Amino acid sequence: MRGAYLKLFAICLVSAPAVVQAGYVQLPGLEVPSSAAADRDSVVRIFSQSYNAYRSVAFGHDEVAPVSQKPLDPRNGWGATIVDAMSTMYIMNLTDFFEEALNFTQTIDFTESKTSGTVSIFESTIRYLGGLISAYELSGKQHSFLIDKAKQLADRLSLGWSRGNTIPFGFVDFSTNQPIIQTSNIAEAGTLTLEWSRLSEYTGNDTYRKLAEGSVLKIASNVTYLYPGLPGQGIDPATGNPVGGYVTWGGGSDSYFEYLIKYAQLSNTNNNVFADSWLTAVDSSIKTLVKTSTIGNHVYLADFDDQRLIRHVGSHLACFYAGNWLLGGKLTNNDTIVNLALQLNDACWNTYAGDATKIGPEVFAYISSDGNFTGDSNPSDDQIAFYQEHGYYITDAVYVQRPEVLESNFYAWRVTGDPVYLQRAQSAVASFQTFLSTPTGFTGIYDVNNPQTEKIDETESFWFAEVLKYLYLTFDDPSHISLDDYVFNTEAHPLLAPKAESTYGSGQLIPSTTNKFVLRPGPLPAVSPLSLGLNLNLGLL
């Protein structure tokens, strides 16, 4: 039955799907119940308490450590929380906070790092460039200095391409004006198109767009490891070649896939490579990575490792895929993708519903109908007992204020209008109030399955940019920041979208013959997602 199930999905994807509400992502005429206003106000209070805690202890720094009440500067000391929070402030109509943030951004000098650390092109793009450009658009394009500051930073980040490479090196040393020569991953290299293309639009300099697009087009054109459209996680910017063969929709790969369909939507480009690459990745994932748990029949996306083994693992990070598939399924008029995305979304929510705090863990695993867990270790007796009750088990119990499950929940609400997604958002708000609150704002926790768990001494900037924005918009008037009017970057900064095309892509999946290769006999060298600095033999002829 399982094999037939997957075969049906593959046929549905390749064949012409039924067209329903072409050009619309959101359910037309969607409204929230009157009770949602109180939930929305609760989210605003959490934001205000969190941000006032940051202002009182760490204003001007990147983050606040709410337990020790100290400032933190993991993002080069440019005030990451302020810039990251601006779009949420504007959406929540927190005018005083927004005006203060505008004044602060005028003082940032992006030409040099205020810390000794190197500068991440990826993190600086999604937080700083995305935050600045989104704030510029949301506030009526009247504060041109926001674009000036974004340009100032992008000009420095462009040093990542300074050796003539198509793929940017991931980090730049601003003190030496040199990139750090090391391997990268497809998420860091392929998550620049939204922000850099929009910067080109506002500056009149098309170089930014060309750099970002070139990176994605190179990744998409590379020979894939095993499945069409699913490149391995690692990449060498010096050559543009893949490194290793670990395939995942989780960290290190996630937002590369995310931006393929989002860039098609934001740009309405006539280059179908972006949408076609996304559709091919989804098609290959359905054929090979979609797995069902033996308990609860929860539908997950597995990983595929360097030993050519399916790993029945999942992560909070990877749970963005449900929302991304909902978006892409609607844009490509494919109900098969939409329906499967809703199942993926339910499975990710199950990781919230199953533990003691009702907050999802960082990493989890499961046992699939195609075999037991394959990975770094076998589950303990306690993990097996937990699995038998919940259909997943926890392998890393921390919660570091990640947004992805609530992000996908937001998309599910806006696409379907099913009130169950409002109820889930309410549950998350209640859990955050109970378990994440400190005398100085809100923070993460070390063990989501322990109500007495200790708190992590860091409030992430994406708590403001993503978690609280997605919750607020779930309870807000759906016409406000509609998914038909905006594209969210991976840090949840909304960018103005053009009127959608009737569909996206050429209508043809990228044929597997374009990715034909021969594997050498024997297993590939093992490589974990965290060991991509090694220049490994791909085993390709």
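A few remarks follow.
- Among the residues of the range 408-449, those that are outside any helix (DSSP H, G or I), of a type in the set (S, T, N, Q) and surrounded by fewer than 21 Cβ atoms within 10 Å (Cβ to Cβ) comprise S437, T438, N449.
- Residue list for the range 10-46, restricted to those being modelled with pLDDT of 95 or more, surrounded by 15 or more Cβ atoms within 10 Å (Cβ to Cβ) and in a helix (DSSP H, G or I): A36, D39, R40, S42, V43, V44, I46
- Filtered residue count, the range 148-174, keeping only those that are surrounded by fewer than 19 Cβ atoms within 10 Å (Cβ to Cβ) and β-branched (V, I, T): 1
- Scope the range 419-462; condition within 22 Å of the chain's Cα centre (by Cα) and charged (D, E, K, R); matching residues: R424, E458, E460
- Figure legend. Inter-residue proximity from the range 389-402: first residues at positive phi, second residues surrounded by fewer than 20 Cβ atoms within 10 Å (Cβ to Cβ), beta-carbon distance below 6 Å, spacing 6+ or different chains. Indicated pairs: G391/I295; G391/G296.
- Flag for H61 being under 28 Å from A189 (Cα atoms) and in a loop (DSSP other than H, G, I, E, B): yes
- Screening K469 against (1) modelled with pLDDT of 95 or more; (2) of a type outside the set (D, E); (3) surrounded by fewer than 23 Cβ atoms within 10 Å (Cβ to Cβ); (4) not in a loop (DSSP other than H, G, I, E, B) leaves a single unmet condition, (3).
- Residue check, R55 modelled with pLDDT of 95 or more and surrounded by 14 or more Cβ atoms within 10 Å (Cβ to Cβ): yes
- Enumerated helices (runs of 4 or more DSSP H) restricted to the range 175-258, each holding at least 2 residues that are on the phi > 0 side of the Ramachandran plot, buried (at least 21 other Cβ atoms within 10 Å of the Cβ) and not aliphatic (A, V, I, L, M): none
- Enumeration of residues in the range 274-317 that are aromatic (F, W, Y) and either at pLDDT 95 or above or part of a helix (DSSP H, G or I) (or both): F274, W278, Y300
- Considering Q49, Q69, the condition of being modelled with pLDDT of 95 or more, touching a strand residue (DSSP E or B) at 6+ places or on another chain (Cβ under 9 Å) and surrounded by fewer than 20 Cβ atoms within 10 Å (Cβ to Cβ) is satisfied by Q49 alone.
- All positions within the range 342-366 that are in a helix (DSSP H, G or I) and either more than 17 Å from P419 (Cα to Cα) or of a type in the set (A, V, I, L, M, F, W, C) (or both): L342, L344, A347, C348, W349, T351, Y352, A353
- Those residues of the range 102-132 which are under 13 Å from A154 (Cβ atoms) and surrounded by fewer than 19 Cβ atoms within 10 Å (Cβ to Cβ), in sequence order: T111
- Of the residues making up the range 149-171, one or more are more than 14 Å from Y128 (Cβ to Cβ), in contact with a Ser or Thr (Cβ under 7 Å, 6 or more places away or on another chain), of a type in the set (V, I, T) and assigned to a loop (DSSP other than H, G, I, E, B).
- Selection within the range 370-407 - small (G, A, S) and either in a helix (DSSP H, G or I) or modelled with pLDDT under 95 (or both): G371, G375, S377, S380, A385
- Residues of the range 72-99 satisfying the condition of being part of a loop (DSSP other than H, G, I, E, B) and crowded, with 24+ Cβ neighbours inside 10 Å: R75, W78, G79
- Scanning the range 225-253 for residues being under 25 Å from L327 (Cα atoms) and in contact with a Leu (Cβ under 6 Å, 6 or more places away or on another chain) gives a total of 4.
The values are calculated or read from the model by the stated rules, or taken from the named source; none is laboratory data. These numbers were taken from a predicted model, which means no experiment stands behind them. With ideal geometry, Cβ positions are generated from the backbone for all residues, glycine too; neighbour counts draw on all protein chains shown.
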